[in-house]
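Presented below is the structure to which this report refers.
The values are calculated or read from the model by the stated rules, or taken from the named source; none is laboratory data. Worth saying up front: this structure is predicted, and the values here are computed from it rather than measured. Reconstructed Cβ throughout: ideal geometry from the backbone, glycine too, with neighbour counts over all protein chains shown. All accessible areas refer to the heavy atoms of the entire protein, side chains included, with ligands and DNA or RNA removed. Shrake-Rupley method; radii C 1.70, N 1.55, O 1.52, S 1.80 Å.
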Amino acid sequence: MFIALGRTSQLNFQVHPYFHLFIQELLQRGGKEYLFDYGCAAHISYDTFVATSSVCLSAKRKQELLNYFDFLKQTQPTVSKLFIQGLRDRFL
């Protein structure tokens, strides 16, 4: 549902004002399970890319996601570097 909401931004030329809060809640509750959804939604359009950059997470959750990005970088060489590095820097 979150990705579908992001796709509407392409048609409306705007993003839902609380779009970032949806993924923020998903990441805070589910952590790395929703990281792929976060990456997909962030790359739907420029508007979703900017909106997803304002996610605020707890320090513990940020560290978990940073560790998972590092794990992906080491174990999944086929995962896009743009996905790993571009999104990883948002959690620093």
Residue list for the range 58-72, restricted to those being surrounded by 15 or more Cβ atoms within 10 Å (Cβ to Cβ), modelled with pLDDT under 90 and not aliphatic (A, V, I, L, M): Phe69
Condition check for Gln28: of a type in the set (S, T, N, Q), open to solvent by less than 50 Å² (accessible area, probe 1.4 Å) and not in a loop (DSSP other than H, G, I, E, B): no
Among residues of the range 41-52, those that are of a type outside the set (Val, Ile, Thr) and either open to solvent by less than 50 Å² (accessible area, probe 1.4 Å) or farther than 24 Å from His16 by Cα (or both), counted: 4
Filtered residues of the range 11-24 (kept if over 11 Å from the mean Cα position of the chain (by Cα) and surrounded by 14 or more Cβ atoms within 10 Å (Cβ to Cβ)): Val15, His16, Phe19, Leu21
Condition met for Thr8 (modelled with pLDDT under 90, out of contact with any strand residue (DSSP E or B) (no Cβ under 6 Å at 6 or more places or on another chain), among the hydroxyl-bearing types (Ser, Thr, Tyr) and not in a helix (DSSP H, G or I)): no
Set Val55, Val79: member being open to solvent by less than 70 Å² (accessible area, probe 1.4 Å), more than 18 Å from Val15 (Cα to Cα), of a type in the set (A, V, I, L, M, F, W, C) and out of contact with any Cys (no Cβ under 8 Å at 6 or more places or on another chain): Val79
